[in-house]
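S.K.: Got a structure for you, written out below as structure tokens; questions coming shortly.
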Amino acid sequence: MNRDETTKNTFALTTPLYYVNDLPHIGSAYTTMAADTIARFQKLLSKSVLLVTGTDEHGQKIERSAQAKEMKPQQFCDEIVPNFISLWKLLNIQYDRFSRTTAPKHASIVQEFFKRVWDNGDIYLGQQKGWYCVSCEEFKEERELLDKHRCPIHPTKEVEWRDEENYFFRLSKYQDKLLAYFDSKPDFIQPESRRNEVLNFVNQGLQDFSISRVNLEWGFPVPENPKHTLYVWFDALLGYITALLEPDDEPTLENALKNWYPFDLHLIGKDILRFHAVYWPAMLMSAGLPLPGKVFGHGFLTKDGRKMGKTLGNTVDPIELIDKYGADAVRYYFLKEIEFGKDGDFNEVRFIDVVNADLANDLGNLLNRILGMVKKYCGGKIPVVTAEHIDNDNPLKGLGLHLGEQVKIAYEALAFSQACNLVLSLVQGSNKFIDDQAPWSLYKQTRQQEVECVLYTVLESVRLAVYLLSPIIPNISTAAYQQLGFEVNFNDPTSIDLAPFDIHSKWGLLSSTQNLGTPQPIFKRIDLSKND
Ligand code: MSP
């Protein structure tokens, strides 16, 4: 993280704009859950946050999907888009802007941007020959292809040969500038392995890429020559900028760029890294615009080692998962179980094991157990103890005092799994601490002061744990926080202002002046025998 990001008090980030060729699946949900978690974490830091998501609706892939359903493309898109919006609601995604590339204002932004690049002499007419994957909407090198000219990302699809006149963008002109930029901002592309991939690609020499198509109707006509349709990726990336317009703004670049631009983070999957880390920065350089702060390419969710997706038909239905297990469990599993940046296989048995072990047993039972003991041994009142009363060699205090800072570093590095594991160490430590200290037997021996110190230590540790997990499991954290006597709702941005990170991430906050709420299970153990 560079200085700018830590000192600025705004944070703008994007998910990709999803293709609407089909209903959203768990792969699209994955990026969005991660983006929402980052947005929520940044809000805890008291930043103003703008989360942009949306849909990418032009191009051949969508045109053909609509044809297959015998629908007009616009009508087809209009039917698919609400499914994204409703899935984001089910997943508890708090986005600020939903950018559709078929929105009328987007057309104006695209035109103006195209003109800038055109006026800069970076667009020319040429002949495009090559293999095109419609599912990727991308030309492929012959050497990348599987046998029978199949796409490596969509192995059931054959690429198509194209030999046509296209407009080209002078990407080659930006090779040195891009390399200089990558050099000056070593954390621009994350994780490190993806940065190396991009560096290799650029160092091999950049070729100009075609930004128009012929024989395609569904898209924007190229301003200089309406027989050509603008390449879907040229239009789609600009959807990020269109999203920045306020509802009443005239759709001009100047208006779009005035508040949140440049983005701090584009969160994407590894398959679209080149577009975001090479093509997009070069396009922005050509238009004379500042570049984003960071591009993070996460891995794929796989099933039996293959990318999950509609093309392969091997995806998991996110709605079914949420219906069965709830949004928090789904968010937690994918962010904790898969190291962000790496691929990860989905397995429902493992899913149940993880959420039962961590959320129901370790965390849920701990809260219930400690609230029960406070009721029994302290009349349901938070003991009159402060952090200073607790010995410095107390294992939970030892962990708790540094946890906030460590978890912050993990979130900032988008190491969600690490953030969860750090918090879990406090949760598991708390369970062990209760067993070791056996407050029930201290109570029998009328060692009340010790009982109270033990209970305070654990209560405070659970508080810190649920606070730090709130960007991932906001519903569970809200329920737990309220049982601990805080009127905080982690789903309500104004309420989050009441729980700023610099205060709530510190071990020792809990005070005897507040009243505990009614204990209730925060996460019900999943019992398959009852579900089936
Ligand atoms: N429309 C483009 C993005 C344009 S952004 C200006 C696109 N759309 S997509 O719907 O195909 O993919 C969107 C995102 O979902 C990508 O980041 C992609 O990596 C992600 N995923 C799609 N399937 C996935 C998995 N199986 N696993 C993880 N993420 C995956 O590309």
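Read-outs: derived from the displayed coordinates by stated rules, not from any lab. Keep in mind that this is a model prediction, so the values were computed, not measured. So basically every Cβ, Gly included, is an ideal-geometry build from the backbone, and we count neighbours across all protein chains shown.
S.K.: Find the all-direction average of the projected area of the Cα convex hull for the stretch 1-142, expressing the result in square nanometres with one decimal place.
M.R.: Mean shadow area of the hull around the Cα atoms is 12.0 nm².
S.K.: Count the net charge of all other residues whose Cβ sits under 13 Å from the Cβ of Gly54, scoring Lys and Arg as +1 and Asp and Glu as -1.
M.R.: That sum, taken over residues with Cβ under 13 Å, equals -1.
S.K.: Given the pairs Lys294/Lys506; Lys47/Lys258; Lys72/Lys140, which span a C-alpha to C-alpha distance of over 25 angstrom in this model?
M.R.: Lys294/Lys506; Lys72/Lys140
S.K.: Okay, moving on. Taking the alpha-carbon centroid of each part, what is the distance from the stretch 1-77 to the stretch 374-390 in angstrom?
M.R.: Measuring centre to centre over Cα atoms gives 45 Å.
S.K.: Moving to a separate point now. From the C-alpha coordinates alone, can you work out the Kirkwood hydrodynamic radius of the chain, in Å?
M.R.: Result for the chain stands at 25.0 Å.
S.K.: Beta carbons within 10 angstrom, averaged per residue: use that to sort the peptides 512-520, 366-374, highest first.
M.R.: 366-374, 512-520
S.K.: Something else now. Could you size up the charge dipole of the stretch 5-298 around its Cα centre, putting +1 on the beta carbon of Lys and Arg and -1 on that of Asp and Glu, and report it in debye to the nearest 20?
M.R.: 560 debye
S.K.: Amide H neighbours of His228 under 5 Å, counting only residues 5+ apart in sequence or on other chains, H built in-plane at 1.01 Å?
M.R.: Val222
S.K.: State the number of lysine pairs found in the stretch 347-487 whose Cα atoms come within less than 29 Å, restricting to pairs 8 or more positions apart or on distinct chains.
M.R.: Final tally of qualifying lysine pairs is 14.
S.K.: Against the longest principal axis of the chain, how steep is helix 26-44, in degrees 0 to 90 to the nearest 10, with axes from Cα atoms?
M.R.: Relative to the chain, helix 26-44 is tipped by roughly 60 degrees.
S.K.: Angle between the Cα long axis of helix 395-412 and the longest principal axis of the chain, 0 to 90 degrees, nearest 10?
M.R.: The two axes meet at around 10 degrees.
S.K.: Apply the a/c threshold of 1.5 to the C-alpha gyration tensor of the stretch 380-490 and tell me whether it is rounded, prolate or oblate.
M.R.: Since a/c reaches 1.5 and a/b is larger than b/c, the shape of the stretch 380-490 is classed as prolate.
S.K.: Using the Cβ atoms and a cut-off under 12 Å, what net charge is assigned to the surroundings of Pro186, where Lys and Arg are +1 and Asp and Glu are -1?
M.R.: Combined, the nearby Lys, Arg, Asp and Glu give 0.
S.K.: Let me ask something additional. With each label point set 7 Å from Cα along the Cα-Cβ vector, what nm distance links Thr446 and Glu320?
M.R.: Distance between label points: 6.2 nm.
S.K.: Under 5 Å between amide hydrogens, which residues at least 5 positions from Val295 or on another chain qualify, with H placed 1.01 Å from N in the peptide plane?
M.R.: Ile189, Gln190, His266
S.K.: Ok, one more. Rounding to the nearest 10 and keeping the result within 0 to 90°, find how far the Cα-based axis of helix 366-378 lies from the longest principal axis of the chain.
M.R.: With rounding to tens, the tilt is 30 degrees.
S.K.: Fully extended, how many nm does the chain gain between Leu401 and Asn515 (0.36 nm per residue separation, minus their Cα-Cα distance)?
M.R.: 38.7 nm
S.K.: Ordered by residue, what ³J(HN,Hα) values in Hz, to whole numbers, does the stretch 320-326 give under the Karplus form 6.51 cos²θ - 1.76 cosθ + 1.60, where θ = phi - 60° and Gly and Pro are x?
M.R.: 4, 4, 5, 4, 6, 10, x
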